[in-house]
Structure formats: structure tokens, C-alpha cells
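*Asks:* Structure in C-alpha cells, see below.
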Amino acid sequence: MSSAEDARKRIEELRALINYHNYRYYVLDSPEISDAEYDQLMLELKHLEAHHPQLITPDSPTQRVGAAPLEAFGVVEHRLPLLSLGNVFSGDELFAWHRRVSNLAGEEGLDFVCEIKLDGLAVALTYENGSLVIGATRGDGYRGEDVTLNLRTIRSIPLSVPRNAPPRFEVRGEVYLSRAGFKRLNEQRAREGLSLFANPRNAAAGSLRQLDPRVTAQRPLDIYIYALGYAEGAAVPDTHWERLEYLRSIGFKVNPHNRLCRTIGEVQDYYREWAERRESLPYDADGVVVKVNSIEMQSRLGTVGHEPRWAIAYKFPATQGTTVLKQILVNVGRTGSLNPYAVLEPVSVGGVTIKQAALHNEEDIRRKDIRIGDTVIVQRAGEVIPEIVGPVVSKRTGNEQVFSMPSHCPVCGAEVIKPADEAMHRCPNSACPAQAFEKLKHFVSRGAMDIDGIGEKLCAALMETGLVNDIADLYYLSREQLAGLERMGDKSASNVIQSIERSKSRPVSRLIFALGIPHVGSETADLLASRFHSLDRLAQATEEELLSIPSIGPKIAQSIVAFFRQEGNQRIIRKLRQAGVRLAEEVPAEPTELPLAGLEFVLTGRLESFTRQEAEERIKALGGSVGSSVTRKTSYVVVGKEPGSKLDKAASLGIRQLTEQQFLEMLKGSQPA
């Protein structure tokens with residue numbers, strides 16, 4: 001730059017550009033430049049500010065991180081109290097709240113705004129003359145902690161707003177940690193030997209109350225703005241819905257799932273929808289918030305105690321409960337892993353009676369300090385698999401027992417080993433009956449060879465009677481042998497034999513996955529099949545060849561080589577070959593010659609024409625790829641019945657959506673209309 005004036009102009013230009021791209025990336029999820037281009041803008045700004053330190057301002061994007069640690073939090077007086085909400089737990093209670101509000105308002109025709117109730121930490125952000133000046137926690141509702149420097153590290157919070165914003169105003173929002181971010185944070189803390197956070201809300205609160213903002217900056221915190229507290233010096237809309245849209249227009253991140261409801265019946269529909277879909281959200285939610293839309297009516301209704309009359313939290317059914325841990329038992333997995341699990345006093349959580357819960361491994365039990373006899377907090381993880389969050393230490397009597405893994409396999413009696421680089425204890429006996437049983441269950445499962453009609457009970461019967469000793473024995477069964485089993489008639493036996501016969505032609509990738517090679521999941525199996533095209537070629541691969549494949553590291557490569565060296569596994573492959581199981585496939589055309597080459601698809605909802613697995617295989621066979629989540633790299637989102645949150649993400653990013661019929665036409669070679 002030739003002068004300080006030129007530097008000032010370029011700094012202002014860079015700040016505006018970076019703020020704009022932060023908004024596109026962190027709020028709209030619709031970036032316009034690459035990460036590398038963004039980094040170049042930030043690098044140039046840092047360079048200019050380093051040479052012209054007198055031009056550094058608090059709202060510069062470079063000032064989000066790096067502030068010196070605070071000695072203590074200051075106190076912020078909330079100009080308007082941040083009130084807590086009253087709760088209702090049923091439709092009857094919701095309608096009773098509606099009747100009270102309608103009677104107090106003197107009218108029946110109220111409309112409402114419904115919002116997802118995030119399980120996070122409420123904050124208030126004050127802006128003056130376009131810049132963020134104060135960020136505070138809710139505290140007791142009247143006085144909160146000054147965490148401005150920490151809040152400035154959250155990239156979805158704008159440090160400055162457009163000039164047409166009010167000269168002074170306050171917005172209110174919920175700081176939260178996504179489930180994925182929470183998992184990564186706890187995994188890192190476990191590696192460092194630190195105590196684990198109990199849930200995402202605690203993790204978000206702990207992250208926001210760090211005395212050193214540089215620590216907060218390393219945590220993947222996010223925010224949704226849910227209200228305008230007050231505004232001075234400019235007119236603002238007079239309904240809550242319009243205010244949310246206004247805040248969105250000046251750069252704030254507002255939840256896209258908010259909905260304007262004209263009747264209390266529509267509110268109930270919104271609640272039912274999200275009570276069912278809550279697990280599709282990337283963050284924890286414990287209910288929905290219902291607010292009277294009219295700001296003037298909110299003012300008239302006022303508050304009672306510490307709660308506004310004009311809003312209510314309609315809570316979802318509980319997903320946590322407390323009960324007593326009676327025993328810790330251990331089962332043996334298909335790879336020999338010893339998997340502890342908890343036997344519980346039965347407890348109802350979210351309408352489901354839970355008697356057992358996962359414990360993962362001994363290190364997990366130690367970290368959580370879970371003991372036999374403890375009163376424990378149980379939750380339904382993903383609404384399906386129960387797990388123990390931790391003990392209620394205050395209820396301990398002194399009679400609780402510390403758990404230790406057994407020294408010998410509980411099934412075959414072999415001495416247990418624990419590899420130095422693994423968290424799991426293992427039974428090293430490959431002939432262990434428990435391993436053979438789990439391998440058989442895995443081999444016939446939907447994602448593997450998909451042999452219909454063979455479930456857990458039939459697997460157990462086949463092994464107990466000696467008809468099956470390893471997975472290859474399935475292909476030598478006769479209808480007469482099956483029909484002779486308990487509860488297995490001639491028709492059922494014929495259906496199973498037909499399903500076994502159909503499985504012989506499954507793709508090689510499915511067979512690789514079905515073999516149960518340690519550390520080889522379905523995606524890795526796809527990579528291996530696309531590289532080697534046959535089981536024989538894979539069996540001859542060296543570690544060096546395997547390591548040259550993206551996503552395959554030393555542990556997976558060593559596991560594959562070791563698997564195919566074992567005589568027992570070689571014998572099984574010989575039996576599969578003799579039975580006519582497909583072990584190789586034709587080398588496909590170069591990907592660039594295939595019709596879907598270079599296209600990435602994401603599937604959401606239930607398809608009628610084929611299963612999810614079949615759809616993915618069709619896409620891959622035509623040169624396309626399948627993504628697990630919607631990103632800016634996604635080409636198409638295929639929408640089936642009852643789609644999940646991926647549909648909303650696709651809409652926000654402007655990703656092309658295909659109906660199932662359009663998808664079928666594309667598979668046949670036609671472009672969608």
C-alpha cells in the first residue's frame with residue numbers, strides 16, 4: 001500500500017468481504033468461495049493490520065480469537081429481564097394455556113410462532129452503532145455474566161451489522177453444541193485424560209464460561225437467534241414472526257424450522273411433527289416454544305412471577321431416567337471383542353421400558369466411574385440404543401462394587417488379551433463359539449449377504465445342531481435339514497434355501513463386508529471392491545498396495561493382510577468358491593465413461609422401488625457416489641416418503657431435488673425434467 005489511507009480503505013473492504021463470506025458460510029450454509037480463498041482474504045487482512053496496528057478495531061474478523069485470559073467475569077444488568085418459560089407436557093395442558101391466554105387477551109383469533117426448543121445456553125447480544133459491544137449469559141434473568149470475548153469467537157455471531165440496523169439494539173439467542181461437535185469434544189478430552197461432559201448443554205455452558213477465550217474458540221459452538229430484546233432509534237416490525245425475518249435479513253442466524261401457526265391446532269401439529277423428527281436434528285432439543293405472535297399482545301399479557309404469560313415450552317417426552325445398575329455382564333463379538341453391558345432395574349424412558357444398556361468398554365466404565373449397585377442416569381441414544389450417562393454419586397451407600405473385565409473368555413475360557421493400541425479386551429480364540437455365532441449373524445444381515453429368513457434364533461439353532469460351524473456351511477444346507485428344525489416347516493425351509501441361493505450373486509463388496517474382516521466396514525469394502533474387483537486379488541494384496549488407497553490406514557491394511565493369511569479363513573473362501581458364491585466381477589468401464597460420473601447423490605426418506613442399499617448400489621454402478629450428508633458438493637438429493645432434515649438442508653443450499661420417479665428416469669439414462 002502506498003499510504004495509510006490506502007491501507008484503511010483496503011482493510012475496510014477486506015472486513016466487509018470476510019463478514020459477508022462468514023455470513024454465507026456460517027449462517028446460510030451457502031458459501032461462495034473456497035476455504036483457500038477465504039484464508040487468503042484473512043491472511044491479507046492480518047498482514048495489513050500487523051503493519052497498521054492503529055487501524056485495528058474490536059469488530060475486525062481478526063479479533064475473534066486471541067484475547068488475553070480474563071481474570072474474572074464481569075456482571076451485566078439486563079435492561080429487559082431474560083425470563084424463563086413455563087412448561088406444559090400434554091395436549092390438554094397446551095389447550096388450557098391457550099384458553100387462559102385467549103381469555104386474558106379478550107380475543108380468540110390469536111396466531112402463534114413455534115420454534116424448536118434447543119437444549120443450550122441463553123445469551124443476550126447488544127449492538128451499538130453497528131458493532132457487538134456486550135454479550136451476556138442469562139444468569140438469574142436480571143443479571144448475567146459478561147462473556148463478550150468468548151461469544152465473539154462464535155463465527156455465526158456477526159461482529160458488525162449493516163448500517164440500516166437500529167443504532168442500539170439487543171438480540172437473544174441460544175448457544176449450543178451439535179451432537180457431532182459434542183462427540184468430537186469428548187473424544188478429545190478422553191484422549192487427554194480429562195473428565196467427560198455429561199451432555200451437549202453442559203459442554204456448551206462450560207465452553208462459554210472459559211476464562212481464556214482461546215479455549216472457547218477451539219470449541220465448535222453455534223447459535224440460533226430467537227428474539228429481538230429491544231431496539232432504539234429505528235422502527236422495527238410489530239410481530240414476532242416479522243422480527244425474526246428482519247433479524248435474518250440483517251445477518252443473524254435464525255432457525256429455519258420456525259413456523260407461523262394460525263391456530264392452536266396447527267401448533268399441536270408442529271409439536272407432533274418434531275416430537276417424531278427430533279432425532280433428525282443435528283442438535284439436542286427438548287421441546288417446542290410457542291409464542292403469541294403480536295408484540296403488542298405480548299406486552300398486554302405481561303408476566304406472572306418469572307414467566308411470560310405469552311409464551312410456553314411444550315416439552316417432549318423424557319429421554320432420560322434413573323434406575324439401579326444390578327449387574328455388569330459381558331458378551332463376545334464376532335471379532336473377539338469383549339463387550340460389557342449393564343443389567344438394570346426396569347425403567348420407563350420416553351415410553352419404552354429399558355432393562356439393559358450399553359457400556360462400550362472398560363475404559364468408558366472407568367471414565368464415568370460406574371459401579372455395580374449404582375443409581376445411574378439412563379438415556380435412549382438416538383431414540384434406539386439405551387446407554388448409561390453416569391452415576392448419581394450422591395445416592396451411593398458404600399456397598400457399590402468396582403467392575404473389572406474377566407481374565408478369561410466367558411464363553412470358551414481362553415485367556416483374554418488387551419492389545420496396547422486398543423480400548424477393547426479380546427478373546428484370541430478364533431474357534432470361540434460366540435465369535436462364530438456373531439460372525440454368522442453378521443454374514444446374513446441386511447447390509448451384508450442379506451439372506452432373508454435367517455435371524456438370530458435360526459442362527460443359534462443352526463449352530464447348536466451342528467448344521468453350521470462357519471459361514472460357508474450355509475451354502476451346503478438342504479431343505480430337508482432346515483425343515484427338521486423346530487418351528488421350521490417345509491415352506492419356510494424352501495424360502496430360506498431360495499434366499500441363500502440368491503445371495504450367491506451379491507456384489508463382491510457385500511461379500512467383503514460380510515466376511516467380517518476387523519476394521520473393514522461397508523464403505524471400506526466398497527473401496528476394496530472397486531480397486532481389486534475380486535476376492536482372490538484382494539487376498540494377494542500387500543500392505544503397501546492397500547495403503548495406497550485413500551481412507552485406508554496402517555491398522556486396516558494390517559488387518560486385511562492378517563485375515564487372508566489365516567488358514568481358517570482360506571478354508572472358508574475355498575468352500576464359498578466351491579458352492580458357487582460370486583467372488584469376482586467384471587472390471588467396470590472407466591468412471592468418466594459412466595453416465596453418473598462426477599455426481600454425488602444423497603438419499604432421504606423411504607423409497608418405494610427399491611431399498612436404500614439397492615439404490616446406492618445402482619448409483620455406484622453408474623459411476624456416481626453416495627454422500628451421507630448434504631453439503632455444497634452434493635449434486636442431487638433423492639427425496640422419498642417421509643424425508644428427514646436433509647431435505648431442509650438441500651433447500652437452504654439450493655441443491656437440486658429429485659422425486660423417486662425422476663431418479664428412476666435418471667438411472668435409465670434420462671435427465672430429470
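None of the figures in this text is laboratory data; all of them are computed from the coordinates on show. Source: prediction; values computed, not measured. As a convention, Cβ positions derive from the backbone with ideal geometry for all residues, glycine included, and neighbour counts pool all protein chains shown.
*Asks:* Arrange the following residues from fewest to most other Cβ atoms within 10 Å of their Cβ: R380, R209.
*Replies:* Starting with the residue having the fewest Cβ neighbours, the order is R209, R380.
*Asks:* Now for a separate question. If only Cα atoms are counted, what is the Rg of the range 558-634, and what is its Dmax, in Å?
*Replies:* Every Cα atom of the range 558-634 included, Rg and Dmax give 17.5, 47 Å.
*Asks:* Please give the FRET efficiency for R10 paired with T631, using the beta carbon to beta carbon distance and R0 = 41 Å, rounded to the nearest 0.05.
*Replies:* Result of the calculation: an efficiency of 0.80.
*Asks:* Shape of the range 95-220 from its Cα gyration tensor (a ≥ b ≥ c, root eigenvalues): rounded if a/c is under 1.5, otherwise prolate when a/b > b/c, or oblate?
*Replies:* oblate
*Asks:* Moving on to the next point. Can you grab the distance from the C-alpha centre of the range 378-439 to the C-alpha centre of the range 644-667, Å, no decimals?
*Replies:* If you average the Cα positions of each part, the centres end up 42 Å apart.
*Asks:* With charges only on Cβ, +1 for K and R and -1 for D and E, what is the dipole size of the range 508-579 about its Cα centre, in debye, rounded to 20?
*Replies:* 360 debye
*Asks:* Can you find, among T148, A275, V215, the residue sitting farthest towards the positive end of the charge dipole of the chain, where Lys and Arg contribute +1 and Asp and Glu -1 at Cβ?
*Replies:* The one lying farthest along the dipole's positive direction is A275.
*Asks:* Within a 10 angstrom radius of the beta carbon, how do V520, V630 rank from fewest other beta carbons to most?
*Replies:* Final ranking by Cβ density, sparse to dense: V520, V630.
*Asks:* Hey, what number do you get for the chain at 222 nm if only DSSP H runs of n ≥ 4 count, each worth -39500 (n - 2.57), divided across all residues, to the nearest 500?
*Replies:* -10500 deg cm²/dmol
*Asks:* In the chain, what is the volume of the convex hull around the alpha carbon atoms, normalised per residue and reported in Å³?
*Replies:* Once divided by residue count, the hull of the chain is 223 Å³.
*Asks:* Calculate I(q)/I(0) for the range 508-579 by the Debye formula, one identical point scatterer on each C-alpha and no solvent, and give its log10 at q = 0.12, 0.27 Å⁻¹ to two decimals.
*Replies:* Log10 of I(q)/I(0), two decimals: -0.27, -1.48.
*Asks:* If you average the alpha carbon positions of the range 589-640 and of the range 463-499, how far apart do those two centres end up, in angstrom?
*Replies:* 36 Å
*Asks:* With charges only on Cβ, +1 for K and R and -1 for D and E, what is the dipole size of the chain about its Cα centre, in debye, rounded to 20?
*Replies:* Charge dipole, the chain, about its Cα centre: 760 debye, nearest 20.
*Asks:* Now for a separate question. Around L546, with a cut-off of 13 angstrom between Cβ atoms, what is the net charge of the other residues, counting Lys and Arg +1 and Asp and Glu -1?
*Replies:* 0
*Asks:* If you take every residue apart from D119 with its C-beta less than 10 Å away from the C-beta of D119, what net charge results, scoring Lys and Arg +1 and Asp and Glu -1?
*Replies:* -1
*Asks:* So which cysteines of the chain have no other cysteine's Cβ under 4.7 Å from theirs?
*Replies:* So far as the 4.7 Å Cβ criterion goes, C114, C261, C459 stand without a partner in the chain.
*Asks:* Another question, if that's okay. Rank these for me by crowding, R396, R155, going from fewest to most other beta carbons within 10 Å.
*Replies:* With the sparsest Cβ surroundings first, the list reads R396, R155.
*Asks:* Another question, if that's okay. Along the charge dipole of the chain, pointing to its positive end and built from +1/-1 on Cβ of Lys, Arg, Asp and Glu, which listed residue (I134, L485, I18) has its Cα farthest out?
*Replies:* Ranked along the dipole, the leading option is L485.
*Asks:* OK, next. Taking K and R as +1 and D and E as -1, what net charge do the other residues with C-beta under 12 Å from the C-beta of T465 add up to?
*Replies:* The answer is -3.
*Asks:* Further question: Binning every alpha carbon pair distance of the range 433-503 at 5 Å from zero, what are the percents per bin?
*Replies:* 3, 18, 33, 29, 14, 3, 0
*Asks:* Continuing with this model, one more query. Cβ neighbours within 10 Å, averaged per peptide: list 252-260, 11-19 in order, most packed at the top.
*Replies:* For the peptides 252-260, 11-19, the packing ranking is 252-260, 11-19.
*Asks:* State to the nearest 20 debye the size of the charge dipole of the range 313-405 about its Cα centre, where the only charges are +1 on K and R beta carbons and -1 on D and E beta carbons.
*Replies:* With only Lys, Arg, Asp and Glu charged at Cβ, the dipole is about 120 debye.
*Asks:* Exceeding 30 Å between C-alpha atoms, which entries from my cross-link table qualify? They are K253/K368; K315/K641; K368/K457; K183/K633; K326/K418.
*Replies:* K253/K368; K368/K457
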